[in-house]
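**Student:** Following this message is one structure expressed as structure tokens.
The values are calculated or read from the model by the stated rules, or taken from the named source; none is laboratory data. For clarity, every value in this text was computed on a predicted model and none was experimentally measured. Note: ideal-geometry Cβ built from the backbone for every residue, glycine included; neighbour counts use all protein chains shown. Just the protein is used for accessible areas: all its heavy atoms, side chains included, with ligands, DNA and RNA removed. Shrake-Rupley method; radii C 1.70, N 1.55, O 1.52, S 1.80 Å.
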Amino acid sequence: MVVMTLASLNRAVDGHIAAGRYLEALEMAERFVSRERDTASELLVQINLAEAEYNLGRWEMAWERLRDLDPLAAAFPIARAGLSQQRAWIAAHTGRGDDAVHHWQRAELRDLPLPYHAEHFFTGAVALIGVGRLDAARRCALAGADMAIRPSSKRNALFIRARVAAAAKEWMRAESLCRAAAAHPYRAQGGDGLLMWGDVLTRLGRADEAEQAYALAIERDGQSESARLAAGRARVVAEG
């Protein structure tokens, strides 16, 4: 068992997730013991663990983890915003575009710490893609890029802009943005963006480069669902 404060657990879980160690984040939480009561930190731990689960491809489990947290979160603006934002992200990736937009619009930007404002707009861009509002999605992606502070956010801004371009069938622009994201100095996580890059390159008929993009998804975000999908698609490209 791991004895620490809930705030320390949250920092540790967040650190594991940022490094792509999703299984370790979940395992740490399972072994955690505390004698304190810190509702805000407890909520943030659950919100972060949902991210670990959906990166592993456990989308329904991530959704269920967040299901009954609203009464506790009501007193904590950051938790309210975090819940809404995570739900929007999950809904957008499970084919529920209207739900994604609904939950995203419930997340108040002012309730999030400044370094995470960019992620609010990235989530909005993905949600808006799901309902076909590509111009609004593009504006959200650009707003997020302008607000990006953390190195991870600056890298992810390129991948999100690439998502919008791919949704608009602007394949060359999507490829260029993905290439720039892959070359960014921040290399942790990003499996979903690298998987997208491989898919775009495959569509463009650039099989050798697509295999390299899929290999990067596996190398840099090895525990993720995206890495597993990349491995399968790399085999198809190689056999094709």
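**Student:** Over all distinct Cα pairs, what is the inverse of the mean 1/r for region 1-79, reported as the Kirkwood hydrodynamic radius in Å?
**Tutor:** On the way: mean 1/r = 0.0790 Å⁻¹.
The answer is 12.7 Å.
**Student:** Can you tell which of 95, 222, 57 shows the greatest fluctuation in a Gaussian network model of the chain with Cα springs below 10 Å?
**Tutor:** Its mean-square fluctuation being the largest, the pick is 95.
**Student:** Here's a follow-up. Tell me the trypsin sites (Lys or Arg not before Pro) within region 1-57 that lie in a loop according to DSSP and have at most 16 other beta-carbon atoms within 10 Å. Present the calculation step by step, with values, prior to reporting the outcome.
**Tutor:** On the way: sites: 11, 21, 31, 35, 37; in loops: 21, 31, 35, 37.
Taking region 1-57 and a limit of 16 other Cβ atoms within 10 Å, the loop trypsin sites (Lys or Arg not before Pro) found are 31, 35, 37.
**Student:** Full-extension gain between residue 236 and residue 168, please, as 0.36 nm times their residue separation minus the C-alpha to C-alpha distance. Working shown, then result.
**Tutor:** Numbers: separation 68, 0.36 × 68 = 24.48 nm, distance 2.52 nm.
So the chain would gain 22.0 nm between residue 236 and residue 168.
**Student:** Sticking with this one: Ignoring any ligand, DNA or RNA, what whole percent of the accessible area of region 1-151 comes from carbon and sulfur when the probe is 1.4 angstrom?
**Tutor:** Numbers: 3850 of 7250 Å².
Of all accessible area on region 1-151, carbon and sulfur atoms account for 53 percent.
**Student:** Given a 10 angstrom Cα cut-off, can you work out which residue in 158, 201, 69 is the most mobile in a GNM of the chain?
**Tutor:** Highest fluctuation among the options: 69.
**Student:** If you don't mind, another one. For region 180-240, what is the Kirkwood estimate of the hydrodynamic radius, computed as the reciprocal of the mean inverse distance between distinct Cα atoms, to one decimal in Å? Write out the running numbers ahead of the final one.
**Tutor:** Numbers: mean 1/r = 0.0909 Å⁻¹.
Hydrodynamic radius (Kirkwood, Cα only) of region 180-240 equals 11.0 Å.
**Student:** Just one of (i) 7, 30, 34, 19, 8, 2, 0; (ii) 7, 28, 30, 18, 11, 5, 0; (iii) 8, 30, 38, 18, 5, 1 is P(r) over Cα pairs in 10 Å bins from 0, in percent calculated from these coordinates, so which is it?
**Tutor:** (iii)
**Student:** Given an 8 Å cut-off on Cα distances and at least 6 residues of separation, report the relative contact order of the chain as a percent. Can you show the working numbers first?
**Tutor:** Working: 382 pairs, mean separation 32.4, N = 240.
About 13 percent, as a whole number.
**Student:** Translational D (Stokes-Einstein, µm²/s) of region 102-196 at 20 °C and 1.002 mPa s when Rh comes from the Kirkwood sum over C-alpha pairs?
**Tutor:** Details: Rh = 13.2 Å.
Translational diffusion coefficient: 163 µm²/s.
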